[in-house]
Amino acid sequence: LNCRSIHRCSHLWFLLSFILGSNTPKQVMEAAGQPSISWFSLQNNMSERVAMIRKAEVRRHVQERQIGTNDWLAQSRIDDYRGVELASTLMLYGENQAYFRRANVEPFTRHLQCYAEARGMKFVVNTQGLPIFNSILQAMGVSADKDSGMYFSIREDVPKEKVASLTTLLRTVLGAFRLDLLPEIADHAPSLHANWRDPLVWGNIWAMEDELETMKKDKSVVVFWDSDITVRPDSWHRGIVELLLNRSASRPLGDKNTG
């Protein structure tokens with residue numbers, strides 16, 4: 001995979017694995033004139049490339065922020081974790097308020113709200129959905145309840161001429177399995193979205209982004225959970241933020257064996 005960013009590598013791999021995944025790999029590769037390539041080699045290629053890109057990004061991030069060995073995440077005391085927890089948010093997301101009033105959802109919502117309040121966290125139930133409406137261009141393998149299936153959609157602010165050309169491109173790629181045209185599809189991100197399940201389901205990504213922008217403190221975390229999550233009664237004394245940030249969630253903070 002010829003890509004130079006995690007976003008592009010991930011996009012290309014997603015497109016490749018979905019569009020061709022339902023076909024016999026050997027037959028598809030032979031049809032593309034590349035019989036020696038296998039899914040295993042493609043996955044290794046993608047994994048190694050993403051790992052190298054990520055290492056470079058982390059090094060650059062460390063240099064820009066001048067993060068040293070005394071960074072707050074590296075040598076924090078338990079008071080630091082508690083402070084981060086108090087400035088953090090526990091978030092749920094749903095398509096509307098009626099969803100959270102359902103008999104099979106409402107008890108879980110109350111349970112998580114109680115947990116957030118007990119831990120001193122901000123509790124947010126977001127039902128705003130996508131900030132920009134997406135028009136569906138193509139859908140494949142969609143179930144009756146729209147809980148599965150591949151959707152290609154495009155932002156409503158994209159010009160109609162571009163929408164028409166992208167629709168033609170998608171039909172060509174999906175109909176003829178044109179591997180050589182996959183990079184052209186990826187070139188149109190983020191205007192062109194590729195999602196598993198209805199695009200409206202992924203409004204949680206926008207919701208988390210909006211919440212992060214409202215947080216004033218750097219040392220804070222947005223914890224997103226699905227509404228069917230429960231917290232064990234014997235675990236309420238431990239904060240989810242501490243468990244996420246601590247190097248080892250399986251041992252108490254301060255354990256000499258913590259690695």
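The values are calculated or read from the model by the stated rules, or taken from the named source; none is laboratory data. Note that the structure is a prediction, hence the values are computed from the model and not measured. Reconstructed Cβ throughout: ideal geometry from the backbone, glycine too, with neighbour counts over all protein chains shown. To get the accessible areas, we keep the full protein, side chains included, count just its heavy atoms, and leave off ligands, DNA and RNA. Shrake-Rupley method; radii C 1.70, N 1.55, O 1.52, S 1.80 Å.
Within the range 170-187, if we keep just the residues that are within 21 Å of SER5 (Cβ to Cβ), touching a Leu at 6+ places or on another chain (Cβ under 7 Å) and free of Cβ contacts under 8 Å to residues at least 24 places away in the same chain, the residue that is surrounded by the fewest Cβ atoms within 10 Å (Cβ to Cβ) turns out to be GLU184.
So is ARG197 basic (Lys, Arg) and over 25 Å from TYR99 (Cα atoms) or not? Spelling it out, it is not the case that ARG197 is basic (Lys, Arg) and over 25 Å from TYR99 (Cα atoms). Filtering the range 152-208 to residues that are touching a strand residue (DSSP E or B) at 6+ places or on another chain (Cβ under 9 Å), of a type in the set (Ser, Thr, Tyr) and part of a helix (DSSP H, G or I) leaves only THR167.
Against the list (1) in contact with a His (Cβ under 9 Å, 6 or more places away or on another chain); (2) free of Cβ contacts under 8 Å to residues at least 40 places away in the same chain; (3) assigned to a loop (DSSP other than H, G, I, E, B), the condition HIS237 fails is (1).
For the range 174-205, a residue qualifies if it is over 23 Å from the mean Cα position of the chain (by Cα) and not hydrophobic (A, V, I, L, M, F, W, C), and the qualifying residues are GLY175, ARG178, ASP180.
For residues that are open to solvent by less than 50 Å² (accessible area, probe 1.4 Å) and under 23 Å from LEU169 (Cα atoms), scanning just the range 26-55, find the one that is modelled with the highest pLDDT. So the residue we want is ALA32. Quick check, is THR258 modelled with pLDDT under 75, open to solvent by less than 60 Å² (accessible area, probe 1.4 Å) and at negative phi? Judged against the criteria, THR258 is a match. The residue that is nearest to ARG119 (Cα to Cα), counting only those in the range 225-238 that are in contact with a Phe, Trp or Tyr (Cβ under 7 Å, 6 or more places away or on another chain) and open to solvent by less than 50 Å² (accessible area, probe 1.4 Å), is VAL231. LYS219 fulfils the conditions (1) open to solvent by 30 Å² or more (accessible area, probe 1.4 Å); (2) at pLDDT 80 or above; (3) closer than 30 Å to GLY83 by Cβ except for a single criterion, (2).
When the range 96-118 is filtered for residues that are loosely packed, with under 13 Cβ neighbours inside 10 Å and more than 18 Å from PRO233 (Cα to Cα), the ones remaining, listed by number, are ASN96, GLN97, ALA98, ARG101, ALA103, ASN104.
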